[in-house]
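Everything on this sheet refers to the single structure shown next.
The values are calculated or read from the model by the stated rules, or taken from the named source; none is laboratory data. Remember, it's a predicted structure, so these values are computed and weren't measured experimentally. Glycine also receives a Cβ, built like all others from the backbone with ideal geometry; neighbour counts cover every protein chain displayed.
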Amino acid sequence: MDATALHKYIDIRPVVRDDAPDAHKVFLQVTNQRFGIEMYCDNLEEAEWTRDQLCVALAKIVEDNR
């Protein structure tokens, strides 16, 4: 499975924080279930990296269970 195909399950949202004005939070969203990943990312670049790593991990789980 291509990890980028899993991007549709990952949502990145900006959050308001005094100590990190560009903070974002990463969520795994599967139908009506939503799971927050990590506390917060300091910026969008870090959130996108977290999303990409999560997709790689999920793809590995799918492949290992085929």
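Kindly indicate the residue of the range 1-28 that is closer than 19 Å to residue 59 by Cβ and within 9 Å of the chain's Cα centre (by Cα) and also surrounded by the most Cβ atoms within 10 Å (Cβ to Cβ) among those meeting that condition.
Per the stated criteria, the residue is 26.
Collect the residues in the range 15-66 that are among the small types (Gly, Ala, Ser) and over 18 Å from residue 3 (Cβ atoms), keeping them in residue-number order.
If the condition is that a residue be among the small types (Gly, Ala, Ser) and over 18 Å from residue 3 (Cβ atoms), then 20, 23, 36 are the ones that fit.
Check the range 1-24 and report whether any residue there is in a helix (DSSP H, G or I), free of Cβ contacts under 8 Å to residues at least 24 places away in the same chain and in contact with a strand residue (DSSP E or B) (Cβ under 8 Å, 6 or more places away or on another chain).
So far as the range 1-24 goes, no, none of its residues is in a helix (DSSP H, G or I), free of Cβ contacts under 8 Å to residues at least 24 places away in the same chain and in contact with a strand residue (DSSP E or B) (Cβ under 8 Å, 6 or more places away or on another chain).
In the list 44, 54, which residue meets the criterion of being surrounded by 15 or more Cβ atoms within 10 Å (Cβ to Cβ) and hydrophobic (A, V, I, L, M, F, W, C)?
54
If I ask for residues that are modelled with pLDDT under 95, touching a helix residue (DSSP H, G or I) at 6+ places or on another chain (Cβ under 8 Å) and of a type outside the set (A, V, I, L, M, F, W, C), which ones from the range 30-51 would you list?
38
Any residue in the range 48-61 that's of a type outside the set (A, V, I, L, M, F, W, C): show its pairings with residues that are assigned to a helix (DSSP H, G or I) at Cβ separation under 7 Å, as long as the two are six or more apart or on different chains.
Filtered contacts from the range 48-61: 51/7.
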